[in-house]
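Asks: Could you have a look at this structure, given as structure tokens, before my questions?
What follows draws every value from the coordinates through simple rules; no lab data is involved. Bear in mind the structure is a predicted one, so any value in this text is a computation, not a measurement. Virtual Cβ from ideal backbone geometry, glycine too; neighbours counted across all protein chains shown.
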Amino acid sequence: MIDKELTTRFEAYLKDLMGKNDNSVYDAMNYSLSAGGKRIRPYLAMLACRALGGKAEDVFPFATAIEMVHTYSLIHDDLPAMDNDDLRRGKPTSHKVYGEAMAILAGDALLTEAFSVIAESDLSADKKIRAAGALSKRAGAKGMVLGQALDMKGSESLDGLLLMYERKTSDLLAAALSMGAIAAGGKGDEFDTFAKYTGIAFQVMDDILDVTSSEEKLGKNINSDGKNDKITSLSFMTMEDAKNMLEDYTARAVDSLAFLGDKDKELKELAYFLMKRDY
């Protein structure tokens, strides 16, 4: 379950922040950023902060930064040079609306602006420095960007595919959770195992939905992996095996939250929600 009241407050915060700017680049940035989506990464930052005793609102700037980085990655991922998709979050992709050049620039701007949002937040200098470090490490050439590169190359084994999923998806989830923990005064690595298994499970679920869901529910083209000859978990296992892996990795993620005691409820609920989602 997702706390809709909390996510509504975050959406208002995000809208207010982006509404203070008005030029052609911001128009393209905001087109993709305001398109909706599940907001899983900012929500994870909020839940991590709350689980460690902080207030969810304290991490709104960090949550905004992680969503900006995630949205930039989607804009670039949809480009003709990569996945060449024309639908994202139920709307035409950025390059279909603004052209390839502006889509690239919008993604560049979102990535850069994310660190500005962190720097200008009201949290302590120590927390801002550590959050920026966590995000840059997980989003860069050893994390998400590497995952995208591995995705383009394709995997020859299941182990290689899972490594790609860990870099492409788990690492950005880890950044979100780390930033949430840091905002609450934590070390920042408390949720790394949860992020690893939740991210891989998320990608396996995406593989399943790509062949079982509908364009209306997903908000993007279905069967796109097959059309693009992309390697997915279903390239190495049956649908039943994939569902079993999904359940196993979700269980591993949930088990890693034992250190929270009775404060693990929200993160556990989110893990199970992601496992059972149909979009």
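Asks: If you look at just the Cα atoms of the chain, how large are its Rg and its Dmax in Å?
Replies: My reading of the Cα-based Rg and Dmax gives 17.8, 50 Å.
Asks: If we count other beta carbons within 10 Å of each Cβ, what is the order of Glu266, Glu156, fewest first? Walk me through the numbers on the way to the answer.
Replies: On the way: Glu266 21, Glu156 11.
If I rank by nearby Cβ atoms, fewest first, I get Glu156, Glu266.
Asks: Continuing with this model, one more query. Please list the non-local residues whose amide H lies under 5 Å from the amide H of Leu87, H modeled 1.01 Å from N, same-chain partners needing a gap of 5 or more.
Replies: Placed amide hydrogens put Thr93, Asn221 under 5 Å from Leu87.
Asks: Give me the dipole magnitude in Debye, nearest 20, for the chain about the Cα centre, with unit charges on the beta carbon: positive for Lys and Arg, negative for Asp and Glu.
Replies: Working: 35 positive and 45 negative charges, 105 e Å.
The calculated dipole for the chain is roughly 500 debye.
Asks: Sticking with this one: Can you put Phe62, Phe191 in order of Cβ neighbours within 10 angstrom, beginning with the fewest?
Replies: On the way: Phe62 32, Phe191 28.
Neighbour counts put them in this order, fewest first: Phe191, Phe62.
Asks: Please state the shape class of region 69-207: rounded when a/c is under 1.5, otherwise prolate if a/b exceeds b/c and oblate if not, all from the C-alpha gyration tensor. List each step's numbers first, then the result.
Replies: Working: a/c = 2.27, a/b = 1.22, b/c = 1.86.
Since a/c reaches 1.5 but b/c is at least a/b, the shape of region 69-207 is classed as oblate.
Asks: Could you give the length gained on full extension between Ile2 and Ala119, defined as 0.36 nm per residue of separation minus the Cα-Cα distance, in nm? Spell out each step's value before the answer.
Replies: Details: separation 117, 0.36 × 117 = 42.12 nm, distance 2.82 nm.
Gain on stretching Ile2 to Ala119: 39.3 nm.
Asks: For region 108-216, which trypsin sites (Lys or Arg not before Pro) are in a loop by DSSP, counting at most 16 other Cβ atoms within 10 Å?
Replies: Numbers: sites: Lys127, Lys128, Arg130, Lys137, Arg138, Lys142, Lys153, Arg167, Lys168, Lys187, Lys196; in loops: Lys142, Lys187.
Here the sparse-neighbourhood loop sites are Lys142, Lys187.
Asks: How many Lys pairs in region 17-163 lie less than 17 angstrom apart by Cα atoms, where the lysines are 8 or more positions apart or on different chains?
Replies: On the way: Lys38/Lys91; Lys55/Lys127; Lys55/Lys128; Lys127/Lys137; Lys128/Lys137; Lys142/Lys153.
Eligible lysine pairs with Cα atoms under 17 Å apart amount to 6.
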